[in-house]
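Asker: Mind having a look at this structure? Questions to follow.
The values are calculated or read from the model by the stated rules, or taken from the named source; none is laboratory data. If you're wondering where the values come from, they're calculated on a predicted model, not measured in any experiment. Using ideal geometry, Cβ is built from the backbone for each residue, glycine included, and neighbour counts are taken over all protein chains shown. Note: accessible area is taken over every heavy atom of the protein model, side chains too, but ligands, DNA and RNA are not part of it. Shrake-Rupley method; radii C 1.70, N 1.55, O 1.52, S 1.80 Å.
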Amino acid sequence: MSTVTNPTSVHDDPEYAANLRRATLASSVGSALEYFDFALYGLMTALVFNRLFFNPDDPAIGLIGAFAVYGVGFVARPFGGFFFGTIGDRLGRKWVLVVTILLMGGASTAIGLLPTYDVVGAWAAVLLVVMRLLQGFGAGAEQAGATVLMAEYAPVRQRGFFSALPFIGIQAGTLLAAVVFSALSLMPEDAFLAWGWRLPFLSSFLLILIALFIRLRLRETPTFIELEKHEQVATHPFREIFTSGMPGVIAGIGLRMAENGGSYIFQNVSLAFVAGTFIANPVDRGIATWGVTIGSLIGIFSVPLTGAISDRVGRRPVYRFGAVFMLLFAFPAWWMLSLGNPALTVAVIAIGIGVAVNSMLGPQCALLPEMFGNRHRYLGVAMARELSAVLAGGLAGVLGTWLLTLTDGNWVVMGLYLATLAAITTASTFLIPETRSRDLLRTEDALRLSTNEKDTGLVSVVVADGR
């Protein structure tokens, strides 16, 4: 029978406690960098890149083109997830996270150095695509690695809470991007478009150095060490995921549709909608961005809170709450955005991100790693996260702006789009077993376990945990 190596309390073992702190910091800083870059790029897409990297003579095509380049980063993410996820299951979690932070952060810094359309013509968009591909390739394994790392380090009975802590970095990164963008928007427009937009991308270099310093001092996770000790490390994790792990991948994709798609719809498409030509009374871009800022601030509390609640009542009920909330919120939210009222706009975006999206993100941090067996956990989480990122987040900008352009800014189509994503996720919560307190040393996927095996797994955890 498997046992869990994590101690009952982080205070019982000083070495374990130190490594848990390092794991939390390593995951948090990486998450902050990734989402700082992605949120910043999303904000720039709707309001800057369409004007600087595409032909300014056709604003509508420029906006769609800018969102298409934004989506290119999502296309690269599954390939990065497959590549680095396989390495992470074969060689360990730590070194993959060192490489991904360098690749992701380096590409983001380079965006701040790119020439614009006025300088090199169409090559500006080509170079932007290349940087987005590199950024997405690295990011494809970053969040999966952070998720797996924390789940495998966290104390069993508090796994939901501890696994959610690094994802405060997501909120911090998004919050930082929104604050920086709001501050830059106060600049004279000529100066902002000439050089001001480059500053936050160039500043990514500092976050790279901090994350690299922390990750080089991190030890490998206890569960991977156990695999190595018993010579059970997968030789071909990619083959295993296709022969036994696909039910978990498909279920994970369904779970992520509302969380990931909703996140990018509220952060990016809504800004393009309220600040552009789709409504009669456009909202100032700086004011609308405050919705993202406040939503991210709410998320700093709602993500660990919902993670902790899932430790008590289970992952599925908390996740289902977030999905149903978004389903009910979809049409009222887009109707209120269509009114062009600044206060309502800020409130809708803040609630959409801070409550609807993050009520799913909190339990998801532990849920996805718990759904996969130890031999292919990194790859399974990466595939579920990144395939869904293409289908939900990557398409959100392109499909959303295309639908709005096609219907002359009809808010109903976006309400239907968001409600559809929420309905898919709600249905997916009924297709998965409850994974709370699952033994992460198990090599079987949760969706393939019988009731007896699940019960045995829970007993082994309780006995090993001393409670």
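Asker: Taking θ as phi - 60°, what are the ³J(HN,Hα) couplings along region 196-208 by the Karplus curve (6.51, -1.76, 1.60), each to the nearest whole Hz, with x for Gly and Pro?
Answerer: So the Karplus estimates, Gly and Pro as x, are x, 5, 6, 4, x, 5, 5, 6, 4, 4, 5, 5, 4 Hz.
Asker: Any chance you could check the Cα centroid distance between region 238-275 and region 293-352 for me, in angstrom?
Answerer: Using only Cα atoms, the two centres lie 16 Å from each other.
Asker: So, in Å, what gap is there between the alpha-carbon centers of region 157-212 and region 392-419?
Answerer: If you average the Cα positions of each part, the centres end up 26 Å apart.
Asker: Per residue of region 291-297, what does 6.51 cos²θ - 1.76 cosθ + 1.60 with θ = phi - 60° give for ³J(HN,Hα)? Whole Hz please, x for Gly and Pro, Karplus curve as stated.
Answerer: My calculation for region 291-297 gives x, 5, 4, 5, x, 5, 5 Hz in order.
Asker: Which cross-chain or sequence-distant (5 or more) residues have an amide H under 5 Å from the amide H of F372, H modelled 1.01 Å from N in plane?
Answerer: Here the answer is A446, since their amide H atoms fall under 5 Å of that of F372.
Asker: If you don't mind, there's one more thing I want to ask. Starting from the amide H of F53, placed 1.01 Å from N in the peptide plane, find each other amide H under 5 Å away whose residue is 5 or more places distant or on another chain.
Answerer: Here Y117 satisfy the definition.
Asker: On to the next question. I'd like to compare 305-317, 177-189: which one has the highest average count of other Cβ atoms within 10 Å, and what's the full order after that?
Answerer: 305-317, 177-189
Asker: Take peptides 286-299, 205-218, 337-350, 134-147 and line them up by average Cβ neighbours within 10 Å, highest first, as a rough protection proxy. Working shown, then result.
Answerer: On the way: 286-299: 22.9, 205-218: 17.1, 337-350: 19.6, 134-147: 28.5.
The peptides rank, most packed first, as 134-147, 286-299, 337-350, 205-218.
Asker: Per residue of region 429-436, in order, report the coupling 6.51 cos²θ - 1.76 cosθ + 1.60 (Karplus, θ = phi - 60°) as ³J(HN,Hα) in whole Hz, putting x for Gly and Pro.
Answerer: 5, 8, 9, 10, x, 6, 10, 3
Asker: What's the center-to-center distance, using Cα atoms, between region 68-103 and region 118-146 in Å?
Answerer: Using only Cα atoms to place each centre, the spacing works out to 13 Å.
Asker: If you don't mind, another one. Applying a 10 Å radius around every beta-carbon, put 93-105, 31-43 in order of their mean neighbour count, most first.
Answerer: Descending packing order for the listed peptides: 31-43, 93-105.
Asker: Which residues' amide hydrogens lie under 5 Å from the amide hydrogen of T221, considering only partners 5 or more residues apart or on another chain, with H built in the peptide plane?
Answerer: Long-range HN contacts for T221: R93, K94.
Asker: With all protein chains present, how much of the accessible area of the chain (probe radius 1.4 Å) comes from carbon and sulfur, to the nearest whole percent? Walk me through the numbers on the way to the answer.
Answerer: Numbers: 11570 of 16800 Å².
The value for the chain is 69 percent carbon and sulfur by accessible area.
Asker: Just to be sure I understand, if you calculate volume of the Cα convex hull per residue in Å³ for this structure, which of (i) 247; (ii) 148; (iii) 122 do you get?
Answerer: Looking at volume of the Cα convex hull per residue in Å³ for this model, the match is (iii).
Asker: I would also like to ask the following. Rounded to the nearest 500, what is the chain's calculated 222 nm mean residue ellipticity when only DSSP H runs of at least 4 contribute -39500 (n - 2.57) each, over all residues?
Answerer: Values: 21 runs with 333 residues, N = 467.
Here the helix-only value at 222 nm equals -23500 deg cm²/dmol.
Asker: Quick check for you: with a 1.4 Å probe and neighbouring chains kept, what is the accessible area per residue of region 257-306, in Å²? Intermediate values should be presented prior to the final figure.
Answerer: Working: 1530 Å² over 50 residues.
That works out to 31 Å² per residue.
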